[in-house]
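A.B. asks: Once you've had a glance at the structure underneath, I'll fire off some questions.
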Amino acid sequence: MADSIYQFSAIDIQGTNVSLKQYENKVVLIVNTASKCGFTPQYKALEALYKKYQSQGLVILGFPCNQFGQQEQGSNDEISAFCELNFGVTFPLFQKIDVNGSQAHPLYQYLKTSAKGVFGSEKVKWNFTKFIIDKTGQVTARFAPTTKPEALEDKIIALL
């Protein structure tokens, strides 16, 4: 079992393998995203948080996922363009992944066991589930899709 997110890597939206070790000593907010979800407008609030706290060490990582209601059917290029055009997203986006099931990305397997959801469930319930990671790479909290990004601001500030 991994002991931090730094032991994982993921392919970014441009196709480059990214070691999460590069985010060492930063506060990281990891979110599984989708372009056609009722929570999609959260991209705007996520970007606002990123812009506000990036210089202090906040990084937001978006992981598109098509496992919930088939709400992320686009290609990686389409997802990237959608996020940039509609919400001005500048935080790092990654290629589409699975967050649940036998094909779940190893990072998400780690996140889910580190911070269980409601009733102790490891399963991610829907798009825009959020995980906050501290500067040592440890998962400190998990938030439901209904939790607005701006509601996380105090927790993020406390970790910065």
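The values are calculated or read from the model by the stated rules, or taken from the named source; none is laboratory data. Just so it is clear, the model here is predicted, and its values are computed rather than measured. A quick note on method: Cβ atoms are made from the backbone with ideal geometry, for glycine too, and the neighbour counts reach across all protein chains shown.
A.B. asks: With respect to SER55, determine if the residue is modelled with pLDDT under 95 and of a type in the set (Ser, Thr, Tyr). Steps first, please.
C.D. replies: Details: modelled with pLDDT under 95: no; of a type in the set (Ser, Thr, Tyr): yes.
No.
A.B. asks: Take residues that are farther than 23 Å from PRO41 by Cα and under 14 Å from the mean Cα position of the chain (by Cα) and tell me which of the helices (runs of 4 or more DSSP H) falling wholly in region 73-160 contain 2 or more.
C.D. replies: Working: elements: 76-87, 106-114, 153-159.
Because the criterion is at least 2 residues that are farther than 23 Å from PRO41 by Cα and under 14 Å from the mean Cα position of the chain (by Cα), the helices (runs of 4 or more DSSP H) in region 73-160 that meet it are 106-114.
A.B. asks: What's the number of the condition VAL18 fails, among (1) of a type in the set (Val, Ile, Thr); (2) in contact with a helix residue (DSSP H, G or I) (Cβ under 7 Å, 6 or more places away or on another chain); (3) over 13 Å from PRO149 (Cα atoms)?
C.D. replies: (2)
A.B. asks: OK, next. Residues that are among the aliphatic types (A, V, I, L, M): find the strands (runs of 3 or more DSSP E) completely inside region 1-71 holding 3 or more of those.
C.D. replies: Working: elements: 9-11, 17-19, 27-33, 58-64.
Ranges flagged: 27-33, 58-64.
A.B. asks: Which residues, counting only those in region 16-62, are of a type in the set (S, T, N, Q) and either surrounded by fewer than 15 Cβ atoms within 10 Å (Cβ to Cβ) or more than 17 Å from PHE82 (Cβ to Cβ) (or both)? Before you say what the answer is, go through the steps one by one.
C.D. replies: Filtering region 16-62 for residues of a type in the set (S, T, N, Q) gives 16-17, 19, 22, 25, 32-33, 35, 40, 42, 54-56.
THR16, ASN17, SER19, GLN22, ASN25, GLN54, SER55, GLN56 - these are the residues of region 16-62 that are of a type in the set (S, T, N, Q) and either surrounded by fewer than 15 Cβ atoms within 10 Å (Cβ to Cβ) or more than 17 Å from PHE82 (Cβ to Cβ) (or both).
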